[in-house]
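One structure is given below, encoded as structure tokens.
The values are calculated or read from the model by the stated rules, or taken from the named source; none is laboratory data. The shown structure was predicted, so the numbers you read here are calculated from the model rather than taken from an experiment. Here the Cβ positions follow ideal geometry from the backbone for every residue, glycine too, while neighbour counts run over all protein chains shown. In case anyone asks, the SASA skips ligands and DNA or RNA and just uses the protein heavy atoms, side chains included. Shrake-Rupley method; radii C 1.70, N 1.55, O 1.52, S 1.80 Å.
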Amino acid sequence: KFDVIYVWHPPLTVGIAAWLIARWRGVPFVYDVQDIWPEAAVLSGILREGWITRFLARVEKFVYKRASHLITVTEGARLNLIGKGVDPSQVTALPHWFEAGLIASNDSTRKAIREHYGWTEKFVFLFAGNLGLVQGLDVIIQSAQQLRMDGSVRIVFVGDGADKKRLQSMVEKLSLDETVQFVDRQPIEAMGGFYEAADALLVHLKWSELSAYVIPSKTMAYLAAGKPIIMAMKGAAADLVAQAGAGMVVPPDLPDELAAAMRRMVALEPEKRAEMGRRGRSFFHANLSREAVIPR
């Protein structure tokens with residue numbers, strides 16, 4: 001026996017199953033909308049505009065009207081649902097939460113990783129996570145071209161994804177091997193060491209309508225890690241970093257702007273960078289930790 005069904009979306013079709021089971025069992029269901037479909041599927045290249053997306057849009061509205069309550073990740077996503085006819089009182093914006101204990105680390109781990117990967121004398125900018133098409137990571141590599149003359153800077157990608165091979169080829173063609181480095185995907189338990197070993201953390205996401213609705217999950221881990229962040233993005237995630245005072249925010253898709261921000265970050269006094277990290281971690285614990293979000 002149960003009192004309520006909690007439903008994680010996507011895929012959108014899970015909403016139909018939730019509605020049927022909820023009717024059968026005579027209980028309400030809460031629909032947690034993690035991605036705005038079909039828009040997210042179109043913008044990420046999974047689907048093209050056409051009869052399928054029109055059908056999914058009808059399914060979307062059908063499910064939304066039958067859920068007892070809706071949850072979105074950001075206020076922008078909440079407003080999107082309201083614009084589709086959802087009663088404002090029936091939808092709540094709740095951010096992702098993150099378990100900070102997953103990325104615990106220490107100075108000895110930092111030293112070991114920096115020595116192993118040759119970062120001892122480098123200022124390391126780290127991008128962790130999916131190396132996909134929507135991230136637009138060629139912009140970071142183009143920025144690296146402007147930083148190549150400064151041999152003290154290293155840009156590191158930790159992860160895997162559909163765009164990784166193309167990005168590696170790009171680095172090779174531009175002879176950026178001394179500036180850009182790729183590290184294979186790591187288990188979540190190991191990432192705390194990499195965050196600690198880095199000097200600053202990078203986020204980049206191509207501009208699209210989705211930017212207003214999403215916060216890349218790495219943002220929470222970055223804030224919890226207590227490192228300064230360069231957020232090359234518009235929308236909810238950029239607002240989050242600015243609100244926390246945890247780093248620098250620049251527009252996406254502009255290599256010159258990103259390179260300039262990286263230079264500014266390198267030039268900052270270490271204590272100012274450390275203060276950004278402390279503000280980010282404090283903001284995380286107050287707003288984005290398990291203890292802060294789950295009770296809501």
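Scanning segment 232-261 for residues that are touching a Phe, Trp or Tyr at 6+ places or on another chain (Cβ under 9 Å), more than 18 Å from GLY192 (Cβ to Cβ) and either without any contact (Cβ under 8 Å) to a residue 40 or more places away in the chain or assigned to a helix (DSSP H, G or I) (or both) gives MET233, LYS234, ALA236, LEU240, VAL241, GLN243, ALA244, GLY245.
Counting only helices (runs of 4 or more DSSP H) that sit wholly inside segment 137-228, those with at least 3 residues that are among the aliphatic types (A, V, I, L, M) and over 17 Å from SER105 (Cα atoms) are 138-147, 164-173. List the residue pairs whose Cβ atoms are under 9 Å apart, where the first residue sits in segment 80-96 and is of a type in the set (Gly, Ala, Ser), the second is open to solvent by less than 30 Å² (accessible area, probe 1.4 Å), and the two are 6 or more positions apart or on different chains. Close Cβ pairs (under 9 Å, with a partner that is open to solvent by less than 30 Å² (accessible area, probe 1.4 Å)) amount to GLY85/TYR64; ALA93/ILE71; ALA93/THR72; ALA93/VAL73; ALA93/THR74; ALA93/GLY76; ALA93/ALA77. When ILE71 is tested against (1) without any contact (Cβ under 8 Å) to a residue 40 or more places away in the chain; (2) of a type in the set (A, V, I, L, M); (3) open to solvent by 10 Å² or more (accessible area, probe 1.4 Å), only condition (1) is not met. Does MET170 qualify as being aliphatic (A, V, I, L, M), open to solvent by 30 Å² or more (accessible area, probe 1.4 Å), in contact with a helix residue (DSSP H, G or I) (Cβ under 7 Å, 6 or more places away or on another chain) and over 27 Å from LEU102 (Cα atoms)? Considered against the rule, which asks whether it is aliphatic (A, V, I, L, M), open to solvent by 30 Å² or more (accessible area, probe 1.4 Å), in contact with a helix residue (DSSP H, G or I) (Cβ under 7 Å, 6 or more places away or on another chain) and over 27 Å from LEU102 (Cα atoms), MET170 comes out as yes. Taken together, TYR64, TYR6 contain a single residue that is modelled with pLDDT of 90 or more, under 24 Å from the mean Cα position of the chain (by Cα) and either more than 30 Å from SER282 (Cα to Cα) or open to solvent by 70 Å² or more (accessible area, probe 1.4 Å) (or both), which is TYR6.
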